[in-house]
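One structure is given here, and the rest of the page talks about it.
The values are calculated or read from the model by the stated rules, or taken from the named source; none is laboratory data. Here the structure is a predicted model, which means the values were calculated and not measured. So basically every Cβ, Gly included, is an ideal-geometry build from the backbone, and we count neighbours across all protein chains shown.
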Amino acid sequence: MNQSLPLPGIGVLVTRPQGQARRFMQRILELGGEAWWLPGLEIAPPADMTGFLQVVNGLDRFDWVVFVSPTAVERAWPAIAEHGGLPAGVRVAAVGRGSARELSERGVPDVLTPVADKADSESLLALPELQTMAGQRVAIFRGEGGRTLLAETLGVRGAEVRHAVCYRRVLPSTDVAPVLRAWHKGRIRAVTAFSRDSLDGLVALLTPEGRELLSHTPLFVPHPRIAEHARALGITQTLVTPAGEDGVLQALTEHFAHVHT
């Protein structure tokens, strides 16, 4: 254990789905922590791909495309690439920096995103570029059952909005026993959740004793809305961090630096 690193031997439970968890867990390891994985949800294709494919086939008719999450980029991109990529002239927006990073890795420059410490629909909608939308056609790539604020607000501002549902969230079949054993031994000292869905899935997967452990472990979440949901579930040791992976890791290192001083 390297005591000079920010998270020396600190066990952090990651609840993100596999694709997003891998990079985040690697970053925890690089900070000296132990990364434990118990996904609160899995990502699956939507039950009906028809609407999504219609949007992808007609992307040249849109003025804007918006990606609500890194998963939306990951799931939508193969079909978009198969149709030649995003059309020239279409403007691209993303709800958070993680989504913008995924787009940048796929060669998409100039993605409109909220300021660094914000990552939600409200912050994107506050940007001046999205205030006057009369006559604009907007495609929103998202998962099943997500928030509708973005589409509703852009519609009120005059845009014609189409949802392109490219994934759905399902409860995974996961063996929780190894994680519970580590938790009982004190090896898991923090939990992270990046969405209400992943938190709901975690609670559903845990045994009663697991839920008791969760209630006594600091939970780090990057948005007040997730924290409010956690408290409604009886998880009182909830800390709201700055947005995104960087914000959660910053809060983890600051918290445990304080604990050890």
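Those residues that are assigned to a loop (DSSP other than H, G, I, E, B), in contact (Cβ under 8 Å) with a residue 40 or more places away in the chain and either within 15 Å of the chain's Cα centre (by Cα) or more than 20 Å from R211 (Cα to Cα) (or both), I need them from the stretch 11-45; list them, please. Once the filter is applied, which keeps residues that are assigned to a loop (DSSP other than H, G, I, E, B), in contact (Cβ under 8 Å) with a residue 40 or more places away in the chain and either within 15 Å of the chain's Cα centre (by Cα) or more than 20 Å from R211 (Cα to Cα) (or both), the stretch 11-45 yields T15, R16, P17, L31, G33, P39, G40, L41, P45. All told, G155 meets the bar of being in the same structural domain as V73 (by TED's automatic domain parsing), more than 21 Å from P6 (Cβ to Cβ) and in a helix (DSSP H, G or I). Screening V90, V55 for residues that are surrounded by fewer than 20 Cβ atoms within 10 Å (Cβ to Cβ), β-branched (V, I, T) and modelled with pLDDT of 95 or more leaves exactly one candidate, V90.
Considering the stretch 104-161, the residues that are of a type in the set (K, R) and under 28 Å from P78 (Cβ atoms) include one that is surrounded by the most Cβ atoms within 10 Å (Cβ to Cβ), namely R142.
Is it the case that R169 is assigned to a loop (DSSP other than H, G, I, E, B), in contact (Cβ under 8 Å) with a residue 60 or more places away in the chain, basic (K, R) and under 24 Å from P222 (Cα atoms)? Judged against the criteria, R169 is not a match. State yes or no: is E228 acidic (D, E) and free of Cβ contacts under 8 Å to residues at least 24 places away in the same chain? Considered against the rule, which asks whether it is acidic (D, E) and free of Cβ contacts under 8 Å to residues at least 24 places away in the same chain, E228 comes out as yes.
If you go through the stretch 125-152 and keep only what is more than 23 Å from I43 (Cβ to Cβ) and in a helix (DSSP H, G or I), you end up with L125, P128, E129, L130, E152. Of the residues making up the stretch 185-244, those that are under 19 Å from W37 (Cβ atoms), among the small types (G, A, S) and not in a helix (DSSP H, G or I) number 4. A search for C-beta distances below 6 Å between a residue of the stretch 87-98 that is under 10 Å from V68 (Cα atoms) and any residue that is among the aliphatic types (A, V, I, L, M) and at pLDDT below 90, counting only pairs 6+ apart in sequence or on different chains, returns G96/A119.
Have a look at R147, R137 and point out the one that is touching an Asp or Glu at 6+ places or on another chain (Cβ under 6 Å) and assigned by TED's automatic domain parsing to the domain that holds G96. Within the list R147, R137, the selection yields R137.
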